[in-house]
Amino acid sequence: MSVYTPVTVAELEAWLARYTVGGLLELTPIAAGIENTNYFVTTTKGRWVLTLYERLPAAELPFYLNLMAHLARAGVECPTPAPDRTGALFSLLNGKPAGLVTRVDGAPMPEPDAAHCAAVGAALGRLHVASASYRARLTNRRGPGWWRQAARAVRPFLDADQNELLAAELKFQTGFGKGGMPKGAIHGDLFRDNVLFDGDRVSGIIDFGFAATDFLAYDLAITVNDWCVAKEGVANGALIPELVQAMTAAYQAERPLSADERDQWPALLRAAALRFWLSRLYDLHLPRPGELTHAHDPAHFERILRDRVAHSSRLPEAPAARSGNP
């Protein structure tokens with residue numbers, strides 16, 4: 001549970017005066033996340049999620065919040081940011097940029113089956129189709145430059161084998177980001193805890209704090225590496241073929257992948273594993289001061305990276321494209 005910036009009822013009531021969302025009824029910390037401070041907020045006019053952005057500079061927030069608004073207007077299953085009386089989507093609360101978004105009903109799916117993976121793949125495909133008309137651009141702050149910086153910071157905490165793996169993968173990924181694959185606004189962190197389900201239906205894609213302009217197929221690889229892997233036993237970290245097939249087929253029914261994207265698929269899976277292994281190592285060994293914080297175990301993504309290096313997984317064959325889709 002992560003609350004870096006506590007907010008009292010009185011402080012929130014004063015801040016909410018700039019909105020037309022009614023009077024405050026309830027304020028509850030959210031027991032998830034390691035990047036930002038989040039609260040459930042209930043008012044006389046609705047249910048919301050309050051986010052205080054701990055790391056994101058205010059100058060970057062319009063990209064994330066306007067993206068969410070753009071996607072919601074396009075029918076993508078995501079929360080809608082609430083504008084204040086001036087039309088602004090965020091303002092300072094206790095010294096941090098903060099905003100309200102609609103609260104989406106549903107719950108995460110910690111043990112997904114093929115149907116859940118297909119639903120997520122289709123939702124991500126629709127997100128990428130909708131993001132094609134989003135004109136704002138933002139360099140991925142967890143891209144290759146950050147990989148190299150984070151690697152230098154965590155190397156003293158790694159053993160010889162881990163350092164060898166890290167150095168070899170950074171060398172392998174040289175030139176990532178300079179290819180010709182399609183780019184657009186990506187979610188960048190579509191893990192199981194960032195998708196809400198209502199029954200078997202995706203009801204909400206949440207937490208756009210790592211959204212950026214990057215390769216669309218990289219976003220799919222990030223998602224596959226979390227949703228379509230074994231998390232226990234001797235196969236821990238290995239891809240589950242039927243789940244990969246379900247997710248990638250449903251995605252490509254919405255947005256077919258190019259030949260270049262298909263060729264680069266093994267490298268994209270490795271890049272996605274490297275990025276999250278590094279971020280988890282960084283959060284574990286170089287944590288920020290905070291209240292009620294937790295860090296995820298980096299060993300899981302080390303296993304995933306080792307598996308992707310050892311097994312070059314081809315992308316399953318694409319289904320026939322729907323007519324009318326780009």
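The values are calculated or read from the model by the stated rules, or taken from the named source; none is laboratory data. As the structure is a prediction and not an experimental result, all values here were calculated from the model. In this analysis, Cβ positions are derived from the backbone assuming ideal geometry, glycine residues included, and neighbour counts consider all displayed protein chains. Calculation scope for accessible area: heavy atoms of the full protein, side chains included, ligands and nucleic acids excluded. Shrake-Rupley method; radii C 1.70, N 1.55, O 1.52, S 1.80 Å.
The condition of being part of a loop (DSSP other than H, G, I, E, B) and open to solvent by 30 Å² or more (accessible area, probe 1.4 Å) holds for only one of 11, 77, that being 77.
Please go through region 142-164 and pick out each residue that is in a helix (DSSP H, G or I) and touching a Lys or Arg at 6+ places or on another chain (Cβ under 7 Å). Walk me through it before giving the result.
Step one: list which residues in region 142-164 are in a helix (DSSP H, G or I), which gives 144-157, 160-164.
Across region 142-164, the qualifying residues are 147, 163.
Taking the condition open to solvent by 10 Å² or more (accessible area, probe 1.4 Å) and within 18 Å of residue 125 (Cβ to Cβ), does residue 256 pass? When the stated conditions are applied, residue 256 passes them. If we scan region 41-53, do we find a residue that is at pLDDT below 95, surrounded by fewer than 18 Cβ atoms within 10 Å (Cβ to Cβ) and among the small types (Gly, Ala, Ser)? No, region 41-53 contains no residue that is at pLDDT below 95, surrounded by fewer than 18 Cβ atoms within 10 Å (Cβ to Cβ) and among the small types (Gly, Ala, Ser). The selection criterion, being under 11 Å from residue 98 (Cβ atoms) and either modelled with pLDDT under 95 or over 22 Å from the mean Cα position of the chain (by Cα) (or both), holds for residue 11.
Cβ-Cβ distances below 7 Å connect the following pairs, each with a first residue in region 9-36 that is within 21 Å of residue 88 (Cβ to Cβ), a second residue that is of a type in the set (Gly, Ala, Ser), and a separation of six or more residues or different chains: 18/91; 19/82; 21/46; 21/82; 36/209. For residue 232, the conditions (1) farther than 30 Å from residue 54 by Cα; (2) part of a helix (DSSP H, G or I); (3) of a type in the set (Asp, Glu) are fulfilled apart from (2).
How many residues are open to solvent by 60 Å² or more (accessible area, probe 1.4 Å) and either assigned to a helix (DSSP H, G or I) or out of contact with any Lys or Arg (no Cβ under 6 Å at 6 or more places or on another chain) (or both) when one looks only at region 97-109?
So in region 97-109, the residues open to solvent by 60 Å² or more (accessible area, probe 1.4 Å) come out as 103, 105, 108.
After this cut, where a residue has to be either assigned to a helix (DSSP H, G or I) or out of contact with any Lys or Arg (no Cβ under 6 Å at 6 or more places or on another chain) (or both) as well, the list is 105.
Here the count works out to 1.
Of the listed requirements (1) of a type in the set (Gly, Ala, Ser); (2) in a helix (DSSP H, G or I); (3) more than 30 Å from residue 52 (Cα to Cα); (4) in contact (Cβ under 8 Å) with a residue 24 or more places away in the chain, residue 221 misses just one: (3). Of the listed requirements (1) more than 18 Å from residue 194 (Cα to Cα); (2) touching a strand residue (DSSP E or B) at 6+ places or on another chain (Cβ under 9 Å), residue 87 misses just one: (2). Suppose we keep only residues that are part of a helix (DSSP H, G or I) and crowded, with 17+ Cβ neighbours inside 10 Å within region 281-301. Which one would you say is modelled with the lowest pLDDT? Filtering first and then ranking leaves 283. Examine region 256-272 for a residue that is farther than 18 Å from residue 181 by Cα, out of contact with any Phe, Trp or Tyr (no Cβ under 7 Å at 6 or more places or on another chain) and at pLDDT 95 or above, and state whether such a residue exists. Checked region 256-272: no residue is farther than 18 Å from residue 181 by Cα, out of contact with any Phe, Trp or Tyr (no Cβ under 7 Å at 6 or more places or on another chain) and at pLDDT 95 or above.
Of 246, 272, all but one fail to be more than 19 Å from the chain's Cα centre (by Cα) and either part of a helix (DSSP H, G or I) or closer than 21 Å to residue 117 by Cα (or both); the exception is 246.
Would you mind stating whether residue 19 is touching a Ser or Thr at 6+ places or on another chain (Cβ under 9 Å), part of a loop (DSSP other than H, G, I, E, B) and among the hydroxyl-bearing types (Ser, Thr, Tyr)? Yes.
The residues of region 57-91 that are closer than 21 Å to residue 19 by Cβ, among the β-branched types (Val, Ile, Thr) and in contact (Cβ under 8 Å) with a residue 60 or more places away in the chain amount to a single one, 86.
Would you confirm, using the coordinates I've provided, whether residue 230 is surrounded by fewer than 18 Cβ atoms within 10 Å (Cβ to Cβ) and of a type in the set (A, V, I, L, M, F, W, C)? Criteria met by residue 230. Kindly indicate the residue of region 54-74 that is at pLDDT below 95 and part of a loop (DSSP other than H, G, I, E, B) and also surrounded by the fewest Cβ atoms within 10 Å (Cβ to Cβ) among those meeting that condition. Within region 54-74, the match that is surrounded by the fewest Cβ atoms within 10 Å (Cβ to Cβ) is 57.
So which residues in region 106-131 are of a type in the set (D, E, K, R) and touching a strand residue (DSSP E or B) at 6+ places or on another chain (Cβ under 6 Å)?
From region 106-131, those of a type in the set (D, E, K, R) are 111, 113, 126; that's our starting set.
Answer for region 106-131, where residues must be of a type in the set (D, E, K, R) and touching a strand residue (DSSP E or B) at 6+ places or on another chain (Cβ under 6 Å): there is none.
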